[in-house]
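Worksheet: the structure to be examined is printed underneath.
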Amino acid sequence: MTNTENTLNAEKTQNLVNLTIDGKPVSVPHGTSVIEAAKKIGSKIPHFCWHPGLSVAGVCRLCMVKIEGNPKLQIGCNTQVTEGMKVETKHQEAKEAQKWALEFHLVNHPLDCPTCDQAGECKLQDYYMQVGRYDSQVNEEKVLKPKALDVGTELILDTERCILCSRCVRFEDQVSKTSSLGIFNRGDHSQIGLIPGRRIEHNYSYNLVDICPVGAFTARDFRFKCRVWFLEKTKTTCPGCSTGCSVSVFGNKMEREYYRLKPEVDHEVNGHWMCDYGRKMYKHCNASARQSVPQKNGTPVDWNRITNELVQELTKARNKKVALVLTPQYTNEEYALVLSSIKQILGTTPTVFIWRPETENPTEFDGVLFRGDHNANTKGLERALSQANIQAEIIRGNIEPLKNANPDLTIVLGPEIEMAYGNIENTLQSLSKLSNVVYFGVTLSDTTKQFSLTVPTKVFVEKNGTYLNYNSMPRKLIANAPVFSQIMGLDDMFAAALQRIEQ
Amino acid sequence: MGYFSKELTKIIEGYIGRFETKRSSILPILHAIQDEKDWIRDEDVLALESEFNLPAVDVREVLTFYTMYRTSPVKPYRIEICNSISCWLRGADKTIETLENHMARWKQKTGNEPPFEVHAVACLGMCGHAPVAFVNKDRHLNVTPELALKLVEQYTSKNLAKVESKQETQNVEGGH
Ligand code: SF4
Ligand code: SF4
Ligand code: FES
Ligand code: FES
């Protein structure tokens, strides 16, 4: 159990301790550290090695605070609050100590921030701006260490930039339980590293990049692609599996390009972490990976004609056999709207099929976060169908049951994250043999040219709505502006279609 | 058959059971390995992990922290000269310098590595006879530069017991 969880549990059962920090009164549970208490009232104490999701190491000596009655400064991360304590985080003495601590951290640190990928979100840079000495007095030559080491599929390591905070070592020991990192040699030759020939290969390795306060661990997937100050984040939910971790998606507004995902702290679901599979969830959102314009029998159709086309297809199918194929990757709201509007337009309920990955192991769980159900909203789809009183048949790869229903019109809500389905080409091929198919999805496959209508869909980061995770807990999606400015969501399209019918 | 010799295995097992945490046994275990094998190889570290469940990273952390563990092949004669305060005052640095120059000349003249190595070490507890030196496990007192050169001559002309000649690749850095 992490410290924060400890504190959270403590909050429920134990008495509060009252103290003042920078003159402000604050009450926190017994056992809270000064650094956590200060955070509560917005006093930010500079720190490298302390991390709320890991054990306390107390090695960077940056988080110095002045405590009344104490002859010496104390480290805020490893000092517990006591009743009546008076803490000053901005005391001249504390600032002086932080200044010198930073100076020592920089003795052997390369001073080439312009070529470092961490610049802009580097704690060493940030704190130096805040409490540094500015005019360095260091004459000693720097100790040089290995750089740009290939230490894992996701990771590049620059041991020279490392400030030896040991966060990564503790992460490997306590969270991923792989214990692959150590600090070798000693003194100013100390070096973060692995046993020669070994690598960091597990599904949580990208978290090392997040917790490393400097540019020592960088992500192979992200480094040198974009300066971080060009990125804006959208807080939302990862669509990678049925866990539904809280994440931020980082995109460059001007380029309309997404670059990465990072976890958001969420004690109920993912704590401080997310998995490496989830980190890929930006790729399918970018323009080059998805279909941009609707097609009618293979020829592009303008977006403002799409509602018409949809209404036409649906009204033609009145009193005929209609099949609806759903995948568990849409939002609760989309399912409800699509089911109700199709029923309203047709006057009858269509035959519903659930299209799931050909091979999957949905009950699998890795014990940390990642679940074998690589669909974000399996539970939401189940609930939407049962609320609409619909029994649906599951199809995987083989669409025989759908064929046997012999539908005159088949509406497919294809997967957004096709990776979860392995290869969907075979299924698309078989669908194209049906008489009349309207396909919603992101796929770039040419097979969609054979469908009556193919409509690109929004991706998760462009939608507002909810998923239900494996535990039926609602997980919120928050929309960012879409990559294709004209794109219509399912909600817009079906709402417009309904209106058209009612007129 | 285990990786280590029967005797060494027994020693290692003894240390592992002796302390509250397994990690605490790393220091004496490494000494035991060094005593038997002269220097500690990457393979030894890996074997401690696979056979005794001591995490290789932990072992390597300890191994590289202390400079008295040897992580590269040793030469037949290891000359350790004390350069702590008493020996230093009585000219230990001169002795060390003389030997280092002698090594360089040896290399130049013969084109071969000399069969000895020179290390400055901390107080050997015989300050009354400073400067003090060890050649392998033999103690020598009042080691002036002249005596040092004589010692080298005496030792290197001896017929050596067969020493390990295999040059093994190693990538552990030996600290400083
Ligand atoms: S690599 Fe980063 S996280 Fe690890 S010890 Fe160095 S600075 Fe800390
Ligand atoms: S565990 Fe699932 S929801 Fe969490 S980051 Fe990984 S793929 Fe995304
Ligand atoms: S954060 Fe307290 S010593 Fe590093
Ligand atoms: S100082 Fe050299 S033996 Fe003590």
* What are the residues in the range B:142-158 that are of a type outside the set (S, T, N, Q) and assigned to a helix (DSSP H, G or I), if any? -> B:P145, B:E146, B:L147, B:A148, B:L149, B:K150, B:L151, B:V152, B:E153, B:Y155
* Quick check: anything in the range B:37-51 in contact with an Asp or Glu (Cβ under 7 Å, 6 or more places away or on another chain), within 14 Å of chain A (Cβ to nearest Cβ) and either aliphatic (A, V, I, L, M) or at positive phi (or both)? -> no
* B:D93, sole failed condition from (1) away from ligand 4 (no atom under 16 Å from the Cβ); (2) free of Cβ contacts under 8 Å to residues at least 12 places away in the same chain -> (1)
* Would you say A:E154 is within 16 Å of ligand 2 (Cβ to nearest atom), touching a residue at least 12 places away in the same chain (Cβ under 8 Å) and crowded, with 22+ Cβ neighbours inside 10 Å? -> yes
* To do: Could you list all residues from the range A:158-205 that are more than 14 Å from chain B (Cβ to nearest Cβ) and among the aromatic types (F, W, Y)?
  => A:Y204
* When both residues are 6+ apart or on different chains and their Cβ atoms are under 9 Å apart, which pairs have a first residue that lies in the range A:33-48 and is more than 12 Å from A:L19 (Cα to Cα) and within 14 Å of another protein chain (Cβ to nearest Cβ), and a second that is among the basic types (K, R) and more than 8 Å from ligand 3 (Cβ to nearest atom)? -> none
* Structure fact -> In the range A:313-330, anything surrounded by fewer than 14 Cβ atoms within 10 Å (Cβ to Cβ) and without any contact (Cβ under 8 Å) to a residue 60 or more places away in the chain is listed as A:R318, A:N319
* Structure fact -> Going through (1) buried (at least 21 other Cβ atoms within 10 Å of the Cβ); (2) within 16 Å of ligand 1 (Cβ to nearest atom) one by one, A:R61 fails only at (1)
* Could you pull out the residue among A:A405, A:A420 that is surrounded by fewer than 19 Cβ atoms within 10 Å (Cβ to Cβ) and not acidic (D, E)? => A:A405
* To do: Filter the range A:270-301 down to residues that are buried (at least 21 other Cβ atoms within 10 Å of the Cβ) and among the aliphatic types (A, V, I, L, M) and give me whichever is nearest to ligand 1 (Cβ to nearest atom).
  => A:M274
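Here are some residues: A:I192, A:I183, A:I211, A:I200. Which one is within 16 Å of ligand 1 (Cβ to nearest atom), at pLDDT 95 or above and touching a Phe, Trp or Tyr at 6+ places or on another chain (Cβ under 7 Å)? Quick ask: steps written out before the conclusion?
Values: A:I192 fails: touching a Phe, Trp or Tyr at 6+ places or on another chain (Cβ under 7 Å); A:I183 fails: touching a Phe, Trp or Tyr at 6+ places or on another chain (Cβ under 7 Å); A:I200 fails: touching a Phe, Trp or Tyr at 6+ places or on another chain (Cβ under 7 Å).
Result of the check over A:I192, A:I183, A:I211, A:I200: A:I211.
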* To do: Filter the helices (runs of 4 or more DSSP H) completely within the range B:54-141 down to those with at least 2 residues that are within 14 Å of chain A (Cβ to nearest Cβ).
  => B:56-65
* Would you mind stating whether B:D138 is more than 16 Å from ligand 1 (Cβ to nearest atom) and modelled with pLDDT under 95? => yes
* Give just the number: which of (1) within 21 Å of A:F370 (Cα to Cα); (2) out of contact with any Lys or Arg (no Cβ under 9 Å at 6 or more places or on another chain) does A:E154 not satisfy? => (2)
* Which residue pairs have Cβ atoms closer than 8 Å, lie 6 or more positions apart in sequence or on different chains, and pair a first residue in the range A:98-118 that is assigned to a helix (DSSP H, G or I) with a second residue that is β-branched (V, I, T)? -> A:Q98/A:V131; A:K99/A:V131; A:L102/A:V131; A:E103/A:V138; A:H105/A:I163; A:L106/A:V138
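Give me the helices (runs of 4 or more DSSP H) completely within the range A:331-438, filtered to those with at least 2 residues that are among the basic types (K, R), ordered by residue number. Let's see the steps before the verdict.
Numbers: elements: A:332-346, A:378-387, A:400-404, A:425-432.
The helices (runs of 4 or more DSSP H) meeting that bar are A:378-387.
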* **Residue count for the range A:164-194, restricted to those that are surrounded by fewer than 19 Cβ atoms within 10 Å (Cβ to Cβ) and without any contact (Cβ under 8 Å) to a residue 12 or more places away in the chain** => 4
* Filtering the range B:5-32 down to residues that are surrounded by 18 or more Cβ atoms within 10 Å (Cβ to Cβ) and in contact with a Lys or Arg (Cβ under 9 Å, 6 or more places away or on another chain), which residue is nearest to A:G182 (Cα to Cα)? -> B:S25
* Does the range B:55-71 include one or more residues that are at pLDDT 95 or above, among the aliphatic types (A, V, I, L, M) and closer than 23 Å to B:T156 by Cα? -> no
* Is at least one residue of the range B:42-54 under 17 Å from B:V135 (Cα atoms), touching a Phe, Trp or Tyr at 6+ places or on another chain (Cβ under 9 Å), more than 16 Å from ligand 1 (Cβ to nearest atom) and not hydrophobic (A, V, I, L, M, F, W, C)? -> no
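Just give me the residues in the range A:249-261 being buried (at least 18 other Cβ atoms within 10 Å of the Cβ) and not acidic (D, E), in sequence order.
Listed by number, the residues that qualify are A:V249, A:F250, A:G251, A:Y258, A:Y259, A:R260, A:L261.
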* Structure fact -> Counting only strands (runs of 3 or more DSSP E) wholly inside the range A:197-297, the ones holding at least 1 residues that are closer than 30 Å to B:E43 by Cβ, of a type outside the set (S, T, N, Q) and away from ligand 3 (no atom under 16 Å from the Cβ) are A:217-219
* Asked: Within the group A:T153, A:T178, A:T115, A:T159, which residue is β-branched (V, I, T) and within 16 Å of A:I211 (Cβ to Cβ)?
  -> A:T178
* Working carefully through the options B:T64, B:T71, B:T95, find the one that is over 20 Å from B:V143 (Cα atoms) and more than 16 Å from ligand 1 (Cβ to nearest atom). => B:T71
* **From A:E333, A:E313, residue being farther than 30 Å from A:W273 by Cβ and not hydroxyl-bearing (S, T, Y)** => A:E313
* Kindly indicate whether any position in the range A:68-83 is crowded, with 22+ Cβ neighbours inside 10 Å, within 16 Å of ligand 1 (Cβ to nearest atom) and under 19 Å from A:V131 (Cα atoms). => yes
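The values are calculated or read from the model by the stated rules, or taken from the named source; none is laboratory data. Keep in mind that this is a model prediction, so the values were computed, not measured. Methodologically, a virtual Cβ is constructed for each residue, glycine included, from the backbone with ideal geometry; neighbour enumeration extends over all protein chains shown.
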